[in-house]
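Trainee: This is the structure I have questions about; it appears just below.
The values are calculated or read from the model by the stated rules, or taken from the named source; none is laboratory data. The structure displayed is predicted, hence computed values, not measured ones. For neighbour counting, all protein chains shown are included, and Cβ atoms are generated from backbone atoms with ideal geometry for every residue, glycine included. Just so you know, the surface numbers come from the protein's heavy atoms only, side chains and all, with ligands and any DNA or RNA stripped out. Shrake-Rupley method; radii C 1.70, N 1.55, O 1.52, S 1.80 Å.
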Amino acid sequence: MINKSVKYTGFTLIEMMVVMAIFSMIMASIFGVLDIGRSCWYQGTTQVDIQQEARKAMDKVVREIRESGSQKITIGASQVTFQISTGVDSNGQIIWGACTNWADNTTTVTNYAIKYYLSNNKLYRSVLNSYPSGSAVGTDTIMANNVQSLT
């Protein structure tokens with residue numbers, strides 16, 4: 001005998017499946033938005049890092065060119081070669097040379113030259129064994145990428 005006065009409470013299987021499907025769509029949407037935000041943040045951070053490195057490189061280029069004498073600068077197509085003051089001799093004459101180490105500004109060599117040139121949209125720094133032209137000393141340093149022109 002069935003007691004009709006008892007009421008059964010709860011959810012049916014179909015109701016549970018509908019709720020789970022709706023919940024899954026909401027969670028997928030939330031994770032999608034979070035993933036887009038995360039990738040945009042990483043892209044922005046990377047772009048800022050690249051710009052800061054380029055800014056540091058350009059500050060170094062400007063500093064070295066300002067240290068050079070106007071008669072010690074040779075400008076060519078997409079390149080500039082110059083010497084910086086490395087000191088003064090006993091007669092009071094300026095000794096011209098180049099800083100050979102990018103990281104160490106105190107390593108200077110007399111009669112050497114610094115050359116900045118553009119190749120394949122990259123700005124390079126090279127140290128030459130004579131001014132205004134000569135063979136490269138060591139390896140060239142990439143100063144900046146995606147450079148369109150050097151003027």
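Trainee: Give the residues of region 57-66 that are open to solvent by less than 90 Å² (accessible area, probe 1.4 Å) and not aliphatic (A, V, I, L, M), sorted by residue number.
Mentor: D59, K60, E64
Trainee: Would you say N91 is over 19 Å from K56 (Cβ atoms) and at pLDDT 85 or above?
Mentor: Answer is yes for this residue.
Listed here are the residues, each with its yes/no results for (1) under 29 Å from the mean Cα position of the chain (by Cα); (2) at pLDDT 85 or above; (3) surrounded by 11 or more Cβ atoms within 10 Å (Cβ to Cβ).
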residue	(1), (2), (3)
M25	no, yes, no
C40	yes, yes, no
V48	yes, yes, no
R55	yes, yes, yes
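Trainee: If you don't mind, another one. Out of the residues in region 116-127 that are in contact with a Gly (Cβ under 9 Å, 6 or more places away or on another chain) and closer than 17 Å to E67 by Cα, which is surrounded by the fewest Cβ atoms within 10 Å (Cβ to Cβ)?
Mentor: Among those that are in contact with a Gly (Cβ under 9 Å, 6 or more places away or on another chain) and closer than 17 Å to E67 by Cα, it is S126.
Trainee: Do we have any residue at all in region 74-93 that's free of Cβ contacts under 8 Å to residues at least 12 places away in the same chain, open to solvent by 40 Å² or more (accessible area, probe 1.4 Å), in contact with a strand residue (DSSP E or B) (Cβ under 7 Å, 6 or more places away or on another chain) and of a type outside the set (S, T, Y)?
Mentor: Yes, region 74-93 contains at least one residue that is free of Cβ contacts under 8 Å to residues at least 12 places away in the same chain, open to solvent by 40 Å² or more (accessible area, probe 1.4 Å), in contact with a strand residue (DSSP E or B) (Cβ under 7 Å, 6 or more places away or on another chain) and of a type outside the set (S, T, Y).
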